[in-house]
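Read through the structure below, which is laid out as structure tokens, and then see the notes.
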Amino acid sequence: MRILILGGTSEARELACALIAAGLDVVSSLAGRVRDPRLPEGAVRIGGFGGADGLAAYLRAEAITAVVDATHPFASGITANAARAAGQAGIPLLVLRRAEWDADPSWDVVADIHAAAAAVRAWAGDSVFLTTGRRDLAAFAGDSAHRFLVRTVDPPDGPVPARMTLIMDRGPYTDAAERALMREHGVGLLVTKNSGGPMTVAKLRAARDLGAGVVMVARPPLPDGVTVVATVDEAVRWAGPGSAGPGSAGPGSVRRGSGGG
Ligand code: NAP
């Protein structure tokens with residue numbers, strides 16, 4: 001067994017740790033986007049593979065026997081590539097996707113970042129808290145009607161909103177700190193992706209407590225037919241020793257059709 005974990009998330013790091021503890025041979029892969037990434041335990045490779053074909057070639061060259069795609073729910077390019085590459089190489093693939101945040105009826109749910117930018121443009125208030133990541137800032141760059149409090153891990157390197165206050169941080173965040181930050185900047189609207197998970201959920205409770213609106217970017221769909229679990233424990237059961245073996249879906253898993261996610 002030699003397992004490739006496509007990472008860049010806390011779940012990917014937890015999974016690497018658990019599988020190594022179970023005695024498996026694990027390689028974690030990071031895209032190399034973040035300047036100072038949190039590294040998982042064990043072997044790590046960094047950088048793109050060169051599309052689905054490049055990833056399939058890597059799987060063969062490195063004698064990988066199973067892939068766990070534990071990338072961020074919005075990293076749809078690598079997720080599509082992993083599904084194609086695993087198919088080409090004839091090896092099992094599991095997608096580990098943390099659950100979405102529980103939907104709130106007050107949210108304005110939008111399909112993508114451009115729809116989020118349109119929702120902000122249509123908003124009559126002043127101060128927006130933008131937490132969708134530095135590579136999505138360009139969609140808001142033409143909006144000079146609003147003030148933007150922007151929080152990113154690394155500094156933006158493309159177009160940004162003209163009236164921007166930048167904070168660089170990467171959580172986890174507390175309710176009290178999020179409330180204080182949003183109060184300090186007079187935030188009336190929060191824009192976020194539905195990343196799910198505990199690390200960044202405090203901003204949603206803070207927005208609710210302060211009566212701020214929420215524009216929620218919905219997740220992109222998963223590729224057809226992939227097997228999905230929501231927790232590290234389920235992924236360990238799928239991949240770990242004593243499991244029925246990668247490819248067995250297991251009780252908590254779901255096979256996704258189009259439009260899933
Ligand atoms: P993406 O758009 O899905 O992927 C773009 C390209 O980056 C892929 O085609 C692949 O290049 C390379 N890549 C992505 N993830 C990789 C990985 N784990 N290992 C090796 N190459 C990878 O991805 P993204 O949205 O830019 O995200 C990049 C990474 O940051 C992901 O690993 C993700 O887990 C993490 N992340 C993303 C977000 C987000 O909001 N999107 C948030 C937090 C963390 P090639 O085609 O050359 O193989």
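The values are calculated or read from the model by the stated rules, or taken from the named source; none is laboratory data. Nothing here was measured: the structure is a model prediction, and the numbers come from that model. A quick note on method: Cβ atoms are made from the backbone with ideal geometry, for glycine too, and the neighbour counts reach across all protein chains shown.
Kindly indicate whether Gly213 is of a type in the set (Gly, Ala, Ser), within 13 Å of the chain's Cα centre (by Cα) and surrounded by 17 or more Cβ atoms within 10 Å (Cβ to Cβ).
Against the criterion (of a type in the set (Gly, Ala, Ser), within 13 Å of the chain's Cα centre (by Cα) and surrounded by 17 or more Cβ atoms within 10 Å (Cβ to Cβ)), Gly213 does not qualify.
Kindly indicate whether Gly77 is in a helix (DSSP H, G or I) and under 14 Å from the mean Cα position of the chain (by Cα).
yes
Take the range 1-11 and flag every residue that is within 12 Å of the ligand (Cβ to nearest atom) and either more than 27 Å from Pro198 (Cβ to Cβ) or buried (at least 20 other Cβ atoms within 10 Å of the Cβ) (or both).
Leu4, Ile5, Leu6, Gly7, Gly8, Thr9, Glu11
Taking into account only those residues within the range 107-125 that are part of a loop (DSSP other than H, G, I, E, B) and not small (Gly, Ala, Ser), which is surrounded by the fewest Cβ atoms within 10 Å (Cβ to Cβ)?
Asp112
Considering only the range 42-54, how many residues are within 11 Å of the ligand (Cβ to nearest atom), over 19 Å from Ala89 (Cα atoms) and outside any loop (DSSP other than H, G, I, E, B)?
Total satisfying the criteria: 3.
Return yes or no: is Ala176 among the hydrophobic types (A, V, I, L, M, F, W, C) and either closer than 19 Å to His146 by Cβ or at pLDDT below 95 (or both)?
When the stated conditions are applied, Ala176 does not pass them.
What about Val120, is it of a type in the set (Val, Ile, Thr) and more than 15 Å from the ligand (Cβ to nearest atom)?
yes
Being part of a strand (DSSP E or B) and surrounded by 16 or more Cβ atoms within 10 Å (Cβ to Cβ) is the filter; apply it to the range 12-41 and report the residue that is farthest from the ligand (Cβ to nearest atom).
Val26
Inside the range 143-191, can you point out the residues that are in contact (Cβ under 8 Å) with a residue 60 or more places away in the chain, surrounded by fewer than 18 Cβ atoms within 10 Å (Cβ to Cβ) and either farther than 20 Å from Arg35 by Cβ or in contact with an Asp or Glu (Cβ under 7 Å, 6 or more places away or on another chain) (or both)?
Gly186
Of everything in the range 55-74 that's under 17 Å from the mean Cα position of the chain (by Cα) and part of a strand (DSSP E or B), which residue is surrounded by the most Cβ atoms within 10 Å (Cβ to Cβ)?
Ranking the qualifying residues of the range 55-74, first place goes to Val68.
Just checking, which of Leu189, Leu222 is at pLDDT 95 or above and either under 18 Å from the mean Cα position of the chain (by Cα) or under 15 Å from Ala70 (Cβ atoms) (or both)?
Selected residue: Leu222, the only one of Leu189, Leu222 that is at pLDDT 95 or above and either under 18 Å from the mean Cα position of the chain (by Cα) or under 15 Å from Ala70 (Cβ atoms) (or both).
Return the only residue of Ala89, Ala52 being surrounded by fewer than 23 Cβ atoms within 10 Å (Cβ to Cβ), more than 22 Å from the chain's Cα centre (by Cα) and more than 21 Å from Ser10 (Cα to Cα).
That would be Ala89, the only listed residue that is surrounded by fewer than 23 Cβ atoms within 10 Å (Cβ to Cβ), more than 22 Å from the chain's Cα centre (by Cα) and more than 21 Å from Ser10 (Cα to Cα).
Within the set of pairs 6 or more residues apart or between chains, which connect a residue that is in the same structural domain as Gln88 (by TED's automatic domain parsing) inside the range 41-67 to a residue that is at pLDDT below 95 and part of a helix (DSSP H, G or I) with Cβ atoms less than 8 Å apart?
As it stands, the answer is Ala66/Ala239, since those pairs meet every condition given.
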